[in-house]
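Notes to accompany the following structure.
The values are calculated or read from the model by the stated rules, or taken from the named source; none is laboratory data. Owing to the predicted nature of the structure, the values given are computational and were not obtained by experimental measurement. Reconstructed Cβ throughout: ideal geometry from the backbone, glycine too, with neighbour counts over all protein chains shown.
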Amino acid sequence: MGLGETLRKAMDKLQGASAIDKETVKETVKEIQRALISSNVDTTTVFALSKKIEENAFGEIKGKLSRREYVTKVTYDALIEILGGKDAPQDPKRILLCGLFGAGKTTAAGKLAHYYKKRGKKVGVICADTFRPAAYEQLETNTKLAGAEFFGIKGEENAGKVVKKGMEKLKDCDLIICDSAGRSALDDELVKEIKEIEDNFHGDEKLLVMGADIGNLAKKQAQAFHKAVGVNGVIITRMDGSSKGGGALVACNETGASVYFISTGEKINEFEAFDANRYLSRIMGYGDLQGLLEKAKEAEMENLDPEELMKGNFNLRMFYEQLKATKKMGPLNKVAEMMGLSVKMPKEMLEAGQEKMDSFKVIIDSMTEKERVDPEVLNRGRVERIAKGAGVKVEDVRELIKQYKQMKKMFKKFKNIQSEKAMKNFGEKGLADALRQMQAKKAAKKLRLK
Ligand SMILES: Nc1nc2c(ncn2[C@@H]2O[C@H](COP(=O)(O)OP(=O)(O)OP(=O)(O)O)[C@@H](O)[C@H]2O)c(=O)[nH]1
Ligand SMILES: [Mg+2]
């Protein structure tokens with residue numbers, strides 16, 4: 001049983017209990033301990049976490065949470081804290097990958113290339129593994145699949161030399177990724193080789209690749225690699241297969257070596273930036289957890305900036321935020337209604353299910369920044385590229401664009417009316433101010449659709 005399932009079982013205990021008292025919390029904590037220990041999380045950490053939950057479970061409740069919800073949140077926060085994670089580098093120039101035999105470096109090189117290519121970068125990959133015979137072909141295949149450029153010198157034994165030439169050859173790329181050879185242990189030979197590569201490469205990100213199956217041994221390995229070659233981040237692979245993934249994540253967090261990415265399968269897109277929050281709610285299969293957290297935050301419409309909206313430069317990023325806000329409380333219809341405007345949200349937009357929202361998110365993530373900010377540039381070629389990158393059909397991308405255009409039209413209407421009718425209703429303030437007021441907690445509460 002994976003970490004997700006066992007944690008879920010522990011949380012079910014909490015959800016199913018008839019009353020939330022000290023005994024229930026103790027029972028839940030026991031289940032969580034079992035889940036974490038079987039996932040190879042260090043016992044000291046497990047006990048510290050247990051103590052934290054038990055101590056905080058009966059604290060003062062702020063906001064409108066039930067005790068059950070409050071304890072769930074306390075538990076969830078404690079788990080997030082031990083998992084850690086840090087935002088993946090947004091604009092790296094040179095990424096060096098290192099790690100032991102079979103850790104997943106070469107696979108990760110292709111995945112990283114794909115990840116940053118989708119974000120609009122021109123990516124090149126260097127094969128500095130001059131040790132393993134088929135390393136060249138394997139990396140070349142992965143790189144091509146990602147649509148990135150490849151450089152290697154077949155038969156060359158000196159990794160430093162390959163890197164030097166590769167840097168020259170790929171100098172037009174925004175990002176260069178360098179794959180290195182593994183060894184069965186971090187021995188002098190490996191350290192010497194990585195240093196030789198690094199002398200020619202000068203990576204701004206030096207990432208250690210480790211399989212999730214090593215569990216809490218990840219701590220020792222991360223520390224050793226950091227000391228020897230100065231790694232500053234981690235990629236955990238094989239998160240799909242191992243029940244020890246939780247242990248590896250927690251152990252890395254303890255060393256301060258941030259987990260930037262996790263790999264969840266062999267396919268090129270089975271790879272994601274690690275976000276403890278998202279990871280936890282997904283592995284625990286808790287759709288309702290997300291809702292609960294949002295309720296606790298009470299930050300409805302937090303991403304809606306009325307001023308931006310009213311400037312009329314409505315783009316796809318705003319479209320997505322809008323859709324999210326709309327799903328939460330359906331405010332736009334109401335805002336319009338209150339002002340006596342007959343602007344209706346397209347029905348399919350209000351009915352967009354979570355699945356559709358997720359698919360929209362992947363599509364928008366697969367666009368370049370330029371495309372998100374100025375969707376008008378989306379021509380046939382771009383749409384095809386985006387569909388491919390997001391792993392969806394071309395029609396799905398078209399549907400997103402269609403909905404975006406509908407919403408944009410609606411905002412235009414808003415904007416035009418603002419100067420006439422809304423001005424009359426709201427005096428000097430206009431719609432922008434009216435919308436801002438709507439953000440006030442009180443109004444948000446009043447409008448929230450239950
Ligand atoms: N299931 C699963 N398999 C993976 C994942 N990442 C890599 N693999 C597999 O693990 C094996 C080793 O991966 P490589 O990328 O060749 O590892 P490496 O670190 O480059 O190995 P060396 O170059 O020999 O040191 C391959 O069969 C990959 O397909 C993952 O996230 N999940
Ligand atoms: Mg390799």
Inset, instruction - Could you please give the count of residues in region 33-42 that are part of a helix (DSSP H, G or I) and in contact with a Leu (Cβ under 9 Å, 6 or more places away or on another chain)? - result: 4
Inset, instruction - Residue by residue through region 165-182, note down the ones that are touching a Phe, Trp or Tyr at 6+ places or on another chain (Cβ under 7 Å) and within 16 Å of ligand 1 (Cβ to nearest atom). - result: Cys178, Ala181, Gly182
Legend entry - Number of the exception - Ala159 against (1) within 29 Å of the chain's Cα centre (by Cα); (2) crowded, with 17+ Cβ neighbours inside 10 Å: (1)
Legend entry - Pair list, Cβ < 8 Å and 6+ apart or interchain, from region 154-183 residues that are at pLDDT 95 or above and part of a helix (DSSP H, G or I) to residues that are away from ligand 1 (no atom under 16 Å from the Cβ) and of a type in the set (Gly, Ala, Ser): Gly166/Gly124; Lys169/Gly124
Inset, instruction - Just give me the residues in region 108-152 being over 16 Å from Val209 (Cα atoms) and part of a loop (DSSP other than H, G, I, E, B), in sequence order. - result: Arg119, Gly120, Lys121, Lys122, Thr130, Phe131, Arg132, Pro133, Ala134, Gly147, Ala148, Gly152
Legend entry - Candidates Ser281, Ser258, Ser243, Ser263 - the one that is more than 16 Å from ligand 2 (Cβ to nearest atom) and touching a Lys or Arg at 6+ places or on another chain (Cβ under 7 Å): Ser258
Inset, instruction - Could you grab me the full set of residues in region 167-184 that are within 16 Å of ligand 2 (Cβ to nearest atom) and farther than 20 Å from Gly120 by Cα? - result: Asp179, Ser180, Ala181, Gly182, Arg183, Ser184
Inset, instruction - For Ser50, indicate whether it is among the small types (Gly, Ala, Ser) and not in a helix (DSSP H, G or I). - result: no
Inset, instruction - Tell me, yes or no, whether region 110-125 has at least one residue that is within 10 Å of ligand 2 (Cβ to nearest atom), surrounded by 22 or more Cβ atoms within 10 Å (Cβ to Cβ), under 30 Å from Ala387 (Cβ atoms) and not charged (D, E, K, R). - result: no
Legend entry - Residues that are outside any helix (DSSP H, G or I), within 16 Å of ligand 1 (Cβ to nearest atom) and not aliphatic (A, V, I, L, M), drawn from region 68-107: Cys98, Gly99, Phe101, Gly102, Gly104
Legend entry - Members of region 232-244 found to be more than 10 Å from ligand 1 (Cβ to nearest atom) and either of a type outside the set (S, T, N, Q) or closer than 20 Å to Ala48 by Cβ (or both), listed by number: Gly233, Val234, Lys244
Inset, instruction - With respect to Ile235, determine if the residue is in the same structural domain as Gly110 (by TED's automatic domain parsing), touching a His at 6+ places or on another chain (Cβ under 7 Å) and either within 16 Å of ligand 2 (Cβ to nearest atom) or in a helix (DSSP H, G or I) (or both). - result: no
Inset, instruction - Any chance you could count how many residues in region 203-232 are in contact (Cβ under 8 Å) with a residue 60 or more places away in the chain and either out of contact with any helix residue (DSSP H, G or I) (no Cβ under 9 Å at 6 or more places or on another chain) or assigned to a helix (DSSP H, G or I) (or both)? - result: 8
Legend entry - Close pairs (7 angstrom Cβ cut-off, 6 or more residues apart or separate chains): assigned by TED's automatic domain parsing to the domain that holds Val71 and free of Cβ contacts under 8 Å to residues at least 60 places away in the same chain in region 8-35, surrounded by fewer than 19 Cβ atoms within 10 Å (Cβ to Cβ) and outside any helix (DSSP H, G or I) anywhere: Thr24/Ala17
